[in-house]
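What follows is a single structure, written as structure tokens, with notes after it.
The values are calculated or read from the model by the stated rules, or taken from the named source; none is laboratory data. Remember, it's a predicted structure, so these values are computed and weren't measured experimentally. Note that we place each Cβ from the backbone using ideal geometry, even for glycine, and neighbour counts take in every protein chain shown.
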């Protein structure tokens, strides 16, 4: 009897240890991995609130995998010289519960590189809400930012 129970428990334990959820970061149940399109942001600086609609005139996505994030933003219209405004960055991240921390390793403005930004995140259906503080003294930035993303569906 003792060996029968062990014979049944061992395969069950082994199989459960082999399964994983590709959308989850270790230590969190939030399905944050994937590609997200930024819809809007609200920044508050010294009590002044500014909203940006990212569905008009520009487009931004954030890509999150097991260990890293990257964001890409560009204008939808070119300037007179045929160029558009392009912005990108990325680095490592951690996710513990609803605390998402970005370690910005790459960015076109060196004042931002090497900075850590911590956010509270919430996912409802296909929507990601991210709120935190961006503070970069050399760039004179000290603000609270809330961003709203929608998951990009794979075709």
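Quick one: how many residues across the stretch 102-140 are under 18 Å from residue 41 (Cα atoms) and either in contact (Cβ under 8 Å) with a residue 40 or more places away in the chain or under 16 Å from the mean Cα position of the chain (by Cα) (or both)?
Matching residues across the stretch 102-140 total 18.
Of all residues in the stretch 1-51, how many are modelled with pLDDT of 85 or more and within 18 Å of the chain's Cα centre (by Cα)?
Of the residues in the stretch 1-51, the ones modelled with pLDDT of 85 or more are 31-51.
Filter once more, keeping what is within 18 Å of the chain's Cα centre (by Cα): 31-43.
Of the residues in the stretch 1-51, 13 are modelled with pLDDT of 85 or more and within 18 Å of the chain's Cα centre (by Cα).
Taking residue 128 as the residue in question, decide whether it is touching a strand residue (DSSP E or B) at 6+ places or on another chain (Cβ under 8 Å), in a strand (DSSP E or B) and closer than 14 Å to residue 37 by Cα.
For residue 128, the condition - touching a strand residue (DSSP E or B) at 6+ places or on another chain (Cβ under 8 Å), in a strand (DSSP E or B) and closer than 14 Å to residue 37 by Cα - is met.
Filter the strands (runs of 3 or more DSSP E) completely within the stretch 33-118 down to those with at least 3 residues that are farther than 26 Å from residue 154 by Cβ.
34-45, 48-53, 99-107
For residues that are touching a strand residue (DSSP E or B) at 6+ places or on another chain (Cβ under 8 Å) and closer than 21 Å to residue 59 by Cα, scanning just the stretch 98-111, find the one that is surrounded by the most Cβ atoms within 10 Å (Cβ to Cβ). Can you show your working first?
Initially, the stretch 98-111 is screened for residues touching a strand residue (DSSP E or B) at 6+ places or on another chain (Cβ under 8 Å), giving 98-108, 111.
Still in the running and closer than 21 Å to residue 59 by Cα: 102, 104, 106-108.
Numbers: 102: 23, 104: 21, 106: 12, 107: 17, 108: 10.
The extreme case among them is 102.
Looking only at the stretch 115-131, count how many residues are surrounded by 19 or more Cβ atoms within 10 Å (Cβ to Cβ) and under 12 Å from residue 146 (Cα atoms).
Matching residues across the stretch 115-131 total 4.
Could you grab the pairs with beta carbons closer than 8 Å, sequence gap of 6+ or different chains, first residue in the stretch 142-155 and at negative phi and modelled with pLDDT of 95 or more, second one surrounded by fewer than 17 Cβ atoms within 10 Å (Cβ to Cβ) and part of a loop (DSSP other than H, G, I, E, B)?
150/126; 151/126
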